[in-house]
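Only the coordinates and a few stated rules stand behind these numbers; no lab work does. Since we're looking at a predicted model, the values are computed, not measured. Every residue, glycine as well, gets a Cβ built from its backbone with ideal geometry; the counts of neighbours run over all protein chains shown.
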Amino acid sequence: MLDQRLQPARPYAALIFDCDGTLVDTAAANETAWRAALETWQVELDPAWYHARTGLSADRLLAELEAETGAELDHRVVSAAAADAYRWLVDTVAPHPQVVAVAEAHRGRVPMAVASGGSRGRVRETLRATGLLPFFDSVVTRDDVREGKPAPDVYLLAARRLEVLPHACVAYEDTDEGVAAALAAGMEVIDVRPALRDAARSGGESAAPIG
């Protein structure tokens, strides 16, 4: 049965979903990948610090980590190492069935897109591994825009690719940064966190997107 909290209120012309933490539970895989990538730089990733910043893009996460630790990180190298580590873990991620049920119910009925703060390759890899890629008419990532979340760029581009006005879209998000991005784009936003918490009872968290 569909969770009514996740049902979009009419009228709407398109649905746009965040990937990590919204469509797919990547929390453990992403944290493990970041931890492995940072070990080479002798930087330990504090779980509490990381969990408070899971909605940030990779560049913003690493910039804040530099400010916190005083480390000087090559963002491109660290992100590439995290992406390599994630490839070994992608088969461990699983869809969030409550959110996927919404996408399944609308598949073929309204345009749908993914708007993610992760890299293009990793997001598409995640969607392929979980069987979700065919659901979506477009996949927009951090690689496609100038500014990552909480800027609205990924959501605005997703709406443009779907040929739908932003205010006619409903966005699904699981982080404060993502919610802010969708609202700044002028979209209605459904925060999936209450539904996922109630379903999982284990605090299934989001994860800072890699890449």
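Points to keep in mind about this one:
- Mean shadow area of segment 108-170 over all directions, Cα convex hull, nm²: 4.3
- Taking the DSSP bridge list for the chain and keeping only pairs wholly inside it, about 10 percent are antiparallel.
- Per-residue HN-Hα couplings for segment 19-30 [Karplus 6.51, -1.76, 1.60; θ = phi - 60°; Hz; x = Gly/Pro]: 9, 5, x, 9, 6, 9, 8, 10, 3, 5, 5, 5
- Estimated translational D of the chain in µm²/s (Stokes, Kirkwood radius over Cα pairs; 20 °C; 1.002 mPa s): 126
- Under 5 Å between amide hydrogens, built in the peptide plane, is the criterion, and for TYR172 it picks out ILE16, PHE17, ASP18, ILE190 among residues at least 5 positions away or on other chains.
- Report summary: the helix-based calculation at 222 nm, which adds -39500 (n - 2.57) for every DSSP H run with n ≥ 4 and divides by the residues of the chain, gives -12500 deg cm²/dmol.
- Percent RCO, i.e. relative contact order, over segment 28-90, from Cα pairs under 8 Å lying at least 6 residues apart: 52
- Taking amide H as placed 1.01 Å from N in the peptide plane, the amide H of VAL139 sits under 5 Å from that of VAL114, each at least 5 places away or on another chain.
- Other residues within the sphere of radius under 15 Å centred on the Cβ of ALA9, judged by their own Cβ, net out at -1 (K and R +1, D and E -1).
- Cβ-defined net charge surrounding MET112, 12 Å radius [Lys, Arg +1; Asp, Glu -1]: +1
- Entry note, the chain: relative contact order of 35 percent, from Cα contacts under 8 Å with a spacing of 6+ residues.
- Neighbours of PRO150, meaning other residues whose beta-carbon lies under 11 angstrom from its beta-carbon, give a summed charge of -3 when Lys and Arg score +1 and Asp and Glu score -1.
- Among the trypsin sites (Lys or Arg not before Pro) within segment 25-124, those in coil by DSSP and having at most 11 neighbouring Cβ atoms inside 10 Å are ARG109.
- GluC sites (Glu not before Pro) restricted to DSSP loop in segment 1-54 with at most 15 other C-beta within 10 Å: GLU44
- Compared with the alpha-carbon gap, the fully stretched path from GLN42 to GLU147 is longer by 34.9 nm at 0.36 nm per residue.
- Whole-angstrom Cα spans of segment 28-90 along principal axes, big to small: 29, 22, 19
- The phi-based Karplus calculation (6.51 cos²θ - 1.76 cosθ + 1.60; θ = phi - 60°) puts the 3J(HN,Hα) values of segment 90-98 at 4, 6, 8, 7, 9, x, 7, x, 5 Hz, whole numbers, x for Gly and Pro.
- DSSP-assigned coil residues among GluC sites (Glu not before Pro) in segment 79-173, each with at most 16 further Cβ atoms within 10 Å: GLU147, GLU163
- Degrees between helix 58-69 axis and first principal axis of the chain (Cα, 0 to 90, nearest 10): 40
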